[in-house]
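One structure is given below, encoded as structure tokens.
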Amino acid sequence: MTSMINHELYKVFYWAAKTGSLSSAAKVLFITQPSVSHAIKQLEESLGVTLFYRNSKGVSLTQEGSTLYSYIEQSHILISLAEEKMAALKKLDSGELRIGGSDSLFKHYMLPYLESYHQKYPGIKLHLNHGTTPETIAFLKEGKIDLGVVRMPIVDPQIEVMGGIQLQDCFVAGARYAELKDRVLSLEHLLEYPIILFSRNSRVRMAITELFQSYGHQIKPEIEVGSVDLLIELARKGLGISYVTKEFISKELEEGSLFEIQLDIQMPPSQVGLMIMRNMPLSTAASKFIELVN
């Protein structure tokens, strides 16, 4: 059957047809002329047609040979383009990198890495998919992103998470609650004030809910938002006490527009890591980004 023909025979045919010479084809392919002749004979026998006429100058294509060459030439061009594309991807001259994560982690954690990566590999197109941790996990499993930046822990046998940095979350307030600035509050006392939290399906919201439950309390926010910027601004405006990541509000804490609420318990730190599919090959672009972050 023609489908079982060794593709190397087509390569020999291509160069013999292109150069019009069996000896020239042999030089290009680094094989002997008898090997070229044998390969062409094999191909002709497999296809059941004559592909070349022999002449004093070398060889010329028959009508059947010309028809075959028109197809093989297209295949050769496509293969050459594919090889060039693979070389470009390997050198990171082109390609894309798709990363999933929350707006806040992109802005406050990933931005310096994204900037450095873009400067180092300007040919790689960056695609940022915004979403909560559960959404980012879904993006990864559906193949919509190459990697995700998430808060840990992530317990999923299909996913591998590499640790990045440690963050500290805290409650903060603005000038409206200035009387709390030098006081240490219990959780019961804190809950007497309006609380502003991330939306329910965020990893930060889940963590603080679990923490309060471990102390026997239910935390019910008066306002729920979907971005760090809103958490910060609403606290500054005095609409309540926001739960935010301390590293993301260093400017506000330094200038005094926000202050940290001191509690009588130790708030546990959280880890941010890069998430990839376990046992799945990474693109060169994704591997280089992970190397940059770690």
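Numerical summary
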read-out	value
Close pairs (7 angstrom Cβ cut-off, 6 or more residues apart or separate chains): closer than 27 Å to Gln271 by Cβ in the range 183-205, assigned to a helix (DSSP H, G or I) and among the hydroxyl-bearing types (Ser, Thr, Tyr) anywhere	Ser202/Thr133; Arg203/Thr133
Pair list, Cβ < 7 Å and 6+ apart or interchain, from the range 266-290 residues that are over 17 Å from Ser202 (Cα atoms) to residues that are open to solvent by less than 40 Å² (accessible area, probe 1.4 Å) and β-branched (Val, Ile, Thr)	Met277/Ile159; Arg278/Ile159; Leu282/Ile276; Ala285/Ile124
Set Leu105, Leu147, Leu126: member being at negative phi, open to solvent by 40 Å² or more (accessible area, probe 1.4 Å) and touching a strand residue (DSSP E or B) at 6+ places or on another chain (Cβ under 8 Å)	Leu126
Considering residues of the range 126-157 that are outside any helix (DSSP H, G or I) and among the small types (Gly, Ala, Ser) only, the residue modelled with the highest pLDDT	Gly148
Some residue of the range 26-34 being in contact (Cβ under 8 Å) with a residue 12 or more places away in the chain and open to solvent by less than 30 Å² (accessible area, probe 1.4 Å)	no
Among (1) closer than 30 Å to Gln119 by Cα; (2) crowded, with 16+ Cβ neighbours inside 10 Å; (3) without any contact (Cβ under 8 Å) to a residue 60 or more places away in the chain - the single one Ala17 does not satisfy	(1)
Checking Thr50 against (1) in contact with a strand residue (DSSP E or B) (Cβ under 8 Å, 6 or more places away or on another chain); (2) in a loop (DSSP other than H, G, I, E, B), the condition it does not meet	(1)
Residues being free of Cβ contacts under 8 Å to residues at least 60 places away in the same chain, within 17 Å of Ile145 (Cβ to Cβ) and loosely packed, with under 15 Cβ neighbours inside 10 Å - total across the range 76-102	0
One residue from Tyr10, Tyr113 being of a type in the set (Ser, Thr, Tyr), surrounded by 13 or more Cβ atoms within 10 Å (Cβ to Cβ) and within 30 Å of Gly163 (Cβ to Cβ)	Tyr113
Residue identified as in contact (Cβ under 8 Å) with a residue 24 or more places away in the chain, farther than 30 Å from Lys125 by Cβ, part of a helix (DSSP H, G or I) and open to solvent by 60 Å² or more (accessible area, probe 1.4 Å) among Glu45, Glu73, Glu64	Glu73
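The values are calculated or read from the model by the stated rules, or taken from the named source; none is laboratory data. Note that the coordinates shown come from a computational prediction; the quantities given were computed from them, not determined experimentally. Virtual Cβ from ideal backbone geometry, glycine too; neighbours counted across all protein chains shown. Side chains are part of the model used for accessible areas, which takes the heavy atoms of the whole protein and leaves out ligands, DNA and RNA. Shrake-Rupley method; radii C 1.70, N 1.55, O 1.52, S 1.80 Å.
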